[in-house]
1. Could I have the simple spin-label model distance between A:ALA273 and B:ASP149, label points 7 Å from Cα toward Cβ, reported in nm to one decimal?
2. Under a 1.4 Å probe, what is the accessible area of the range B:71-131 per residue, stated in Å²?
3. List the GluC sites (Glu not before Pro) within the range B:77-159 that DSSP assigns to loop and that have no more than 14 neighbouring Cβ atoms inside 10 Å.
4. From largest accessible area down, sort B:MET113, A:MET121; use a 1.4 Å probe on the protein chains.
5. Determine how large the accessible area of A:LYS259 is when every protein chain is in place; take a 1.4 Å probe and give Å² rounded to the nearest 10.
6. What total accessible area, in Å², is buried where chains B and A meet, using a 1.4 Å probe and rounding to the nearest 100?
7. Considering only C-alpha atoms, what is the centroid distance from the range A:135-170 to the range B:102-149, in Å?
8. Where in the range A:100-146 are there trypsin sites (Lys or Arg not before Pro) that are in a DSSP coil and have at most 14 other Cβ atoms within 10 angstrom of their Cβ?
Amino acid sequence: MDYDPMVMDDAEALGPVVKISQADSVRVKYELSNADIAFANSLRRVMLAEIPTIAIDLVEIEENSSVLADEFIAHRLGLIPLNAEGVESLLYGRDCDCDGFCEHCSVRLTLHAKCTGDENMHVFARDLVPTGERVNQVLGTPVLSDAEGLGPLILKLRPGQEIKLECIARKGIAKEHAKWAPSAAIGFEYDPHNKLHHLDLWYESDPKTEWPPSEYAAWEEPPQEGEPFDYDAVPNRFYFNVESAGNLSPDTIVSEGIKVLQQKLAGLIHELADEGGNSMNGDYNGPRSPEYGTGADGFGGYTTPFGNAGNQSSWGGAGGTTPYGTTPYGAGQSSWP
Amino acid sequence: MSRARSKKEESAEIESDIAMEEAPTSHQPEDEMSVDQNEDEDAGDVEDDEDEEEEEEEGQRVRLLPGSTPTAASFEFLNEGHTLGNALRYIIMRNPDVEFCAYAIPHPSEAKMNVRIQTFECTTAIQALEKGLRDLQELCDVVSEKFIDARQKFAENSS
């Protein structure tokens with residue numbers, strides 16, 4: 001076969017490269033190079049929406065004399081980041097044998113506050129207390145990342161007002177509801193000088209002076225004066241900025257993201273291996289579809305969809321006598337089993 | 001929960017317009033459970049056929065679309081999107097035995113993703129798909145490894 005293998009320069013032969021420029025408990029900034037934009041974007045999407053975490057999903061309000069409506073408070077509770085360390089040992093609610101929820105698929109939190117003083121009282125995420133059995137001692141605890149260790153403000157109470165409720169936190173992913181998002185934000189950037197012209201920058205008189213340079217502009221060679229546009233160029237260096245919401249560490253978000261992507265692939269490979277022999281080739285086989293034998297698809301030239309009489313297998317076997325012999329690619333003999 | 005129940009019962013006695021049945025089944029007091037279960041079982045018998053059909057549909061997440069030939073096939077993936085589609089398209093296209101590969105999401109409100117693969121005679125579309133999935137898995141392994149290495153080096157340098 002006359003085929004020109006894809007051009008591979010030396011750098012590409014090395015494979016993907018990761019370079020970290022900043023990493024702490026809140027964010028990790030890294031550069032992924034020698035990778036394709038398709039893969040980089042898959043990684044971004046999976047980190048954004050498909051990493052399992054834990055969030056409050058059910059709220060039973062026993063007493064609420066605050067000024068906020070029950071459902072308003074329930075929504076606020078759902079958005080509070082909970083520590084998701086060890087969430088992999090928690091079951092999804094739908095996979096659990098229990099009726100509703102149990103300690104294998106949920107974490108129970110309670111909140112009880114009454115304003116007994118003369119001044120308004122603030123109720124913080126700190127006041128949400130995990131109760132009952134848990135998979136481990138940190139899973140489901142509200143994230144308290146501020147200096148005072150209070151966590152987000154849930155509501156305020158006037159003297160005499162009371163709030164008493166019980167929450168069920170469940171495992172989930174951000175594709176279902178954004179409250180399960182592990183990342184506060186993911187920065188994704190490439191081509192800081194816009195050499196590829198993927199961006200059409202709006203400007204008054206000169207885009208160079210009106211648009212501030214990216215923080216990665218110094219990392220890449222600026223375009224030369226009068227440089228011709230390289231229409232073969234593809235993005236190659238991707239700058240990620242993964243910011244955690246506190247429920248998972250930024251490093252964990254990246255590792256988990258890749259893991260989720262791999263699990264997705266493993267599931268499909270497994271299914272392909274399982275069903276490759278029967279339903280894939282049987283039920284949905286092209287030649288058995290009603291429209292295939294009509295000649296309407298342009299192949300024509302034969303009367304039965306299964307080729308010559310006696311040739312029971314629609315997958316060939318008799319070589320050139322099958323309908324496949326007439327395909328534009330065919331030399332007649334198909335080389336596949 | 002017992003605490004919650006007694007509170008509710010009290011309030012129900014006082015204000016008869018609050019219906020206990022409105023609470024979700026999971027929050028109903030346990031003594032009602034036996035009744036609930038019976039109802040569930042009865043309902044289950046009737047819906048058995050429907051359930052089986054649904055399971056079959058959910059069980060198979062990838063299928064070959066009609067009109068496919070061994071070297072030119074379209075696959076339909078359920079519950080997949082651009083996350084898998086674009087990366088898979090890229091990695092399959094890198095395979096020198098593949099003549100053409102593209103993906104599409106025919107309609108945004110259907111959770112379906114289609115992949116078209118056309119190969120040269122030396123392989124089949126199904127083999128190319130499987131190779132693509134494995135290659136992508138390998139790529140993930142490499143990137144994961146590189147990230148962990150880079151993170152360790154960064155921690156060593158900064159300390």
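1. 2.7 nm
2. Per-residue accessible area for the range B:71-131 comes out at 38 Å².
3. B:GLU110
4. A:MET121, B:MET113
5. So the heavy atoms of A:LYS259 present about 80 Å² to solvent.
6. For B against A, buried area totals roughly 5900 Å².
7. 43 Å
8. Qualifying residues, ordered by number: none.
The values are calculated or read from the model by the stated rules, or taken from the named source; none is laboratory data. Note that this is a predicted model, so its numbers are computed, not measured. All Cβ positions, glycine included, derive from the backbone under ideal geometry; neighbour counts span all protein chains shown. Side chains are part of the model used for accessible areas, which takes the heavy atoms of the whole protein and leaves out ligands, DNA and RNA. Shrake-Rupley method; radii C 1.70, N 1.55, O 1.52, S 1.80 Å.
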